[in-house]
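Shown next, in structure tokens, is the structure this report addresses.
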């Protein structure tokens, strides 16, 4: 009977590992440094005051709390609410664990009516050994595209709501360079009456 129970437990354990493997394989792909830099930054054709206020409103809409902003420096930081979970460690006993996401934004004017918004997202895991013992936190930069895309999609709609006459379309760094050169006509173009 004892041998049968061990064999059944081994098969049950093997079944659990075999069925949980696809879940582990479907984790999001991390971005390369160049892709991450592109995902973290957008340029908008609006004044910096509009982009700054829209960024704060977007953080509130997405559920961030404890928002700290410095308009002079152009920085905004916020964290998500966390729910702690009780854990058990065989060495330390009962403890707590919680995950927090922190957003840090830099909103800066790059030209007249042109503002760049840069976003860093960090996930922090706080663990407490024992219920009344010391705690420690590990932070990690978010390197997947989905959270950045979610933030900038919400920011796009907030900027469009605040500045309907402006063009809140996000520009890539290449578009920004082309936009600057296209906006200033050459001497030959300005001399001709029709610009040709």
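The values are calculated or read from the model by the stated rules, or taken from the named source; none is laboratory data. Source: prediction; values computed, not measured. Counting neighbours? That spans all protein chains shown, and the Cβs are built from the backbone with ideal geometry, glycine included.
Consider only pairs whose beta carbons are under 6 Å apart and that are at least six residues apart or on different chains; among these, list those whose first residue lies in the stretch 100-126 and is touching a residue at least 40 places away in the same chain (Cβ under 8 Å) and at positive phi and whose second residue is part of a loop (DSSP other than H, G, I, E, B) and loosely packed, with under 15 Cβ neighbours inside 10 Å.
none
Suppose we filter 164, 147, 185 for residues that are modelled with pLDDT of 65 or more and in a loop (DSSP other than H, G, I, E, B); which single one remains?
Of the residues listed, the single one that is modelled with pLDDT of 65 or more and in a loop (DSSP other than H, G, I, E, B) is 164.
If you go through the stretch 69-84 one residue at a time, do you hit one that is loosely packed, with under 15 Cβ neighbours inside 10 Å, modelled with pLDDT under 95 and touching a helix residue (DSSP H, G or I) at 6+ places or on another chain (Cβ under 9 Å)?
Within the stretch 69-84 (the criterion being loosely packed, with under 15 Cβ neighbours inside 10 Å, modelled with pLDDT under 95 and touching a helix residue (DSSP H, G or I) at 6+ places or on another chain (Cβ under 9 Å)), the answer is yes, since at least one residue qualifies.
Right, residue 53: surrounded by 10 or more Cβ atoms within 10 Å (Cβ to Cβ), at pLDDT 90 or above and part of a loop (DSSP other than H, G, I, E, B) or not?
no
Within the stretch 141-164, can you find the residues that are within 12 Å of the chain's Cα centre (by Cα) and surrounded by fewer than 16 Cβ atoms within 10 Å (Cβ to Cβ)?
Hits for the stretch 141-164 are 141, 144, 146, 149, 150, 153.
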